[in-house]
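These notes concern the structure reproduced below.
The values are calculated or read from the model by the stated rules, or taken from the named source; none is laboratory data. Predicted model only: the values in this text are computed from it and were never measured. Positions of Cβ are backbone-derived with ideal geometry, glycine not excepted, and every protein chain shown enters the neighbour counts. For accessibility, only protein heavy atoms count, side chains too; no ligands or nucleic acids. Shrake-Rupley method; radii C 1.70, N 1.55, O 1.52, S 1.80 Å.
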Amino acid sequence: MLKIAIQAKGRLNEQSMALLADAGISAASGNRKLISKAKGFPMEILYLRDDDIPQAVAMGVADIGIVGLNEVAEKGQAVDRVMDLGFGACRISIAVPREVPYTDSSWLNGRRIATSYPNILAAYLKENNLDAEIHEIAGSVEIAPAVGMADAIFDIVSSGGTLIQNGLREVEQVFSSEAVLIATPGLSEDKCADLDKLMFRLNSILESHDMKYVLMNLPRTSLDEAIRILPGMKSPTILPLTDDDWCSLHVVIPQSELWEKIEQLKGIGASDILVLTLENIIR
Ligand code: PRT
Ligand code: ZN
């Protein structure tokens, strides 16, 4: 039976549970213990601090885990990154007090940088031939410059609001992160088969997030043009309407192309356009 480690509480917990729920998997017991049996899949769920997940998976205490790529990179444990999960997006950036005359990274030479990600920072400094002092601190990194502990910080940024609140300015975006599914290298055949099944479900969910199901009424005379506007898709579904001059066109469109395609389709007479969210795409 697969054992999955997820964050016990924190930013990734809710979305990890929600993703599993979309895949038909829930924790059997309502009150959270360290470990619970899953319903809907042969799996046990292990609730850990995110810092401990890479090691737990590397050691095989858990077979798979959901954790930020930042933690995977920082801990440097031998795990396989099997899937990017599309949530928990953030970056790790260098930020300096707003008033500092920072123009390029050479400013960092001889400075003190506070961070909870010393390994990722050290790799960045080395790669860029920079010589700065790394001050590892566990939390509240953003206050380090104001209290005189550091000249700059290297910390997670998402909206950038925390930096602004602390009078800091983001100057180098060093590492991009999102939640990823990791696995113990060399899982047994049985576990690999279960992992494949899980990934099949997760892929169908993630793929559907990027797609919209679009229905519209279209003058029959515009059909050829509509099919030209929607290349690359399998042929759209066309249903007759009681008015013979019109038909109903159904098509799945990637979110990124949605509005452009809709404008073009409106331009050739499409009307009553409905855009629906998809739950799964099973290929
Ligand atoms: O208790 P445990 O050790 O499990 O949790 P934790 O406190 O170490 O981590 P947690 O729950 O804060 O974050 C878990 C993971 O979420 C991180 O490892 C990242 O992969 C991801 N993530 C995504 C973030 C953010 N966005 C984020 N904004 N983690 C932290 N932040 C913090 C950041 O440290 C800073 O204080 O939010 C602040 C910045 O946010 P903005 O929006 O103001 O820029
Ligand atoms: Zn943590």
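Return the calculated 222 nm mean residue ellipticity for the chain, to the nearest 500 deg cm²/dmol, obtained by summing -39500 (n - 2.57) across DSSP H runs with n ≥ 4 and dividing by the residue count.
Numbers: 8 runs with 77 residues, N = 283.
After summing the helix terms and dividing by the residues of the chain, the value is -8000 deg cm²/dmol.
Restriction of the GluC sites (Glu not before Pro) in segment 23-117 to DSSP coil positions whose beta-carbon has at most 13 other beta-carbons within 10 angstrom yields 99.
Rounded, prolate or oblate for segment 121-218? Axes are the square roots of the Cα gyration tensor eigenvalues, ordered a ≥ b ≥ c, and the cut-off for rounded is a/c under 1.5. Mind showing how you got there, number by number?
Working: a/c = 3.11, a/b = 1.65, b/c = 1.89.
Because a/c hits 1.5 or more and a/b fails to exceed b/c, segment 121-218 counts as oblate.
On the basis of the beta-carbon distance and an R0 of 35 Å, residue 11 and residue 263 show a calculated FRET efficiency of 0.45. Beta bridges assigned by DSSP with both partners in the chain are antiparallel in approximately 75 percent of cases. Here the extension length gained between residue 220 and residue 49 equals 55.7 nm, from 0.36 nm per residue of separation less the Cα-Cα distance. Ignoring aspartates and glutamates fewer than eight residues from residue 33 along the same chain, the ones with Cα atoms less than 12 angstrom from its Cα are 44. Taking the accessible area of segment 107-146, probe 1.4 Å, and keeping the other protein chains in place, the carbon and sulfur fraction comes to 43%. The figure for residue 187 is an accessible area of roughly 30 square angstrom, using a 1.4 Å probe on the protein chains alone.
Kindly flag which residue pairs out of 9/261; 39/212; 3/261; 37/75; 75/191; 75/261 have an alpha-carbon separation exceeding 32 Å in this structure. From 9/261; 39/212; 3/261; 37/75; 75/191; 75/261, over 32 Å: 9/261; 3/261; 75/261. Take residue 277: with every protein chain present and a 1.4 Å probe, its accessible area is about 110 Å².
At a Förster radius of 41 Å, what calculated FRET efficiency corresponds to the Cβ-Cβ distance of residue 279 and residue 192, to the nearest 0.05? Working from the Cβ atoms, E equals 0.95. Spin-label pair residue 119-residue 243: with each label point 7 Å from Cα along the Cα-Cβ axis, the two points sit 6.5 nm from one another. Projecting the Cα atoms of 68, 227, 188 onto the dipole axis of the chain, where Lys and Arg carry +1 and Asp and Glu carry -1 at the beta carbon, places 188 farthest toward the positive end.
Measuring between their Cα centroids, segment 8-79 and segment 85-136 lie 29 Å from each other. Please work out whether the chain counts as rounded, prolate or oblate from its C-alpha gyration tensor, where a ≥ b ≥ c are the square roots of the eigenvalues and a/c under 1.5 means rounded, while otherwise a/b larger than b/c means prolate and anything else oblate? Verdict is oblate for the chain.
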